[in-house]
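Derivation of every value follows stated rules applied to the coordinates shown; laboratory data play no part. Predicted model only: the values in this text are computed from it and were never measured. Neighbour counts are summed over all protein chains in view; Cβ atoms, including those assigned to glycine, are modelled from backbone coordinates with ideal geometry.
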Amino acid sequence: MNIHHLELFYHVAKHGGISEAVRKMPYGIQQPAVSGQILQLEDHLGLKLFQRRPFALTPAGRELFEFIDPFFGRVLETGARLRGETSQRLRLAAPSAILRDHLPKLLEQHRRAFPRLRLSLFEANQAIAEKMLRKQEVDLAITELEGRPTAGIRCCELLKLPLQLLVPPTRRIRSANELWKKDEMVDPLICMPPNETITKLFREGLRKVGVEWPTSVEVSSLDLIPSYVRAGFGIGLSVVAPGEKPAAKIRLLPLPNFPPLIIAAIWQGKMPPIAEAFLESIKSHARTLQRSP
C-alpha cells in the first residue's frame, strides 16, 4: 500500500470526511487530489473504506484506521518532541468569555515559568471540548459544566456561580418569590440564548417553582444584560461573579434555590507538565476569586 495514500486516509477518517480533512491537515492539498488518491487506495484493496454521505467508516475502514492510527496520530507529537518543542506547547479550550476575560493574564504569568510557551487556543463548550480531548487536540479545557463528564474525562470544579436577577430600580420587588407568586409573568425577560448553560440552569429552576417565563430580549453576552436592564427593557438573568462590583442603577435578586453555574477544568489521561502547571495556576486563581467579597 502507498504510504501517502494511507496518510490521507488517516486524516479523512480522523476528521470525518474529505472536505473536513482538507481544512485541517497540516499541509496544503486540494480536495480532488485527496479524493483521487483515496480511490486509488480503495482500488488497490478492492473494497470501500468509508461511506461518503453521511460519512461512516466501513468495517474494513475501521480496521485499517485502527492499524495506522498509532503511527500517524503521533507523527507531529514525535517530531515536536525530537525538536524539544512539546514541553513548551500548551493547547487550551474554553468558552469565549473565559478566553477573553480570565486566561490572558494567567497565561502571561505562565509564560514567566515557560519562556518559550507556544499557545493554541480554541473556543469550545463542554461537549466540543470533550471531543477535542478524546482526539488529543487539546491538553486541557476550562468550561461551564452542563453535566457529569463522560467516561474517561477527568474533572475539577473551580467555581460555583449562583444565578441572580438584575432588576431596574423602578421595579419595587424585594425577592424572586414575589415574582413566582404572580399569576402571570408580565416583566420581559432578558437572557442568553436557550443553548447557553446559564439559560438551561435557569429554565431548570423555573420548572421546579412551576413558572413559565418566555424570553423577550435575547443577547449574545452577559456583559450586555445590565445595559438593557438599565434601559428599561426588562429583568435580566446573570450570575454572582466573585469580586465584581454591582452594576450601577440595578438591584440584585438572588436565586438561592436555583442550580449554580459551575466552572470546571476537564482533561483526559496524564497531562504534559506545562498543562499540569497551568491547571495549578487556574486553581489558585479560582480560590482567590472565591475569597473575593
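Express the Stokes-Einstein translational diffusion coefficient of the chain in µm² s⁻¹, to the nearest whole number, given a Kirkwood radius over alpha-carbon pairs, 4 °C and a viscosity of 1.567 mPa s.
Stokes-Einstein gives a translational diffusion coefficient of 58 µm²/s.
Give me the mean projected area, in nm² to one decimal, of the convex hull enclosing the Cα positions of the stretch 163-259.
Details: hull surface 23.2 nm².
The number I arrive at for the stretch 163-259 is 5.8 nm².
Would you mind telling me which residue in Ala93, Ala113, Ala124 has the biggest mean-square fluctuation in a Gaussian network model of the chain, where springs connect alpha carbons within a distance under 10 angstrom?
Ala113
For the stretch 123-177, what are the per-bin percents of Cα-Cα distances with bins 5 Å wide, up to the bin holding the maximum?
Distribution as computed: 4, 15, 23, 15, 8, 8, 8, 9, 6, 4, 1 percent.
With n ≥ 4 as the cut-off for DSSP H runs, can you work out [θ] at 222 nm for the chain, using -39500 (n - 2.57) per run divided by the number of residues, rounded to the nearest 500? Don't skip to the end; give the middle numbers.
Values: 12 runs with 126 residues, N = 293.
Mean residue ellipticity, 222 nm, calculated: -13000 deg cm²/dmol.
Any chance you could tell me what percent of the C-alpha pair distances in the stretch 1-90 go past 16 Å?
On the way: 2209 of 4005 pairs.
When every Cα pair of the stretch 1-90 is considered, 55 percent fall beyond 16 Å.
Which residue, chosen from Ile18, Gly73, Leu57, occupies the Cα position most advanced towards the positive end of the dipole of the stretch 3-73, where the dipole is computed from +1 (Lys, Arg) and -1 (Asp, Glu) charges on Cβ about the Cα centre?
Ile18
Would you mind telling me which residue in Lys48, Lys283, Lys135 has the biggest mean-square fluctuation in a Gaussian network model of the chain, where springs connect alpha carbons within a distance under 10 angstrom?
Lys48
Whole Å is fine, so just give me how far the alpha carbon centre of the stretch 204-240 lies from that of the stretch 120-154.
27 Å
What is the dipole size for the chain, taken about its Cα centre, with +1 at each Lys and Arg Cβ and -1 at each Asp and Glu Cβ, in debye to the nearest 20?
Numbers: 41 positive and 30 negative charges, 174 e Å.
Once rounded to the nearest 20, the dipole reads 840 debye.
Say we join alpha carbon atoms closer than 10 Å with springs in a Gaussian network model of the chain; which of Ser227, Ser175, Ser19 then has the biggest fluctuation?
Highest fluctuation among the options: Ser19.
Full extension from Lys249 to Phe71: what is 0.36 nm times the residue separation minus their Cα-Cα distance, to one decimal in nm?
Working: separation 178, 0.36 × 178 = 64.08 nm, distance 6.05 nm.
Going from the current span to full extension adds 58.0 nm.
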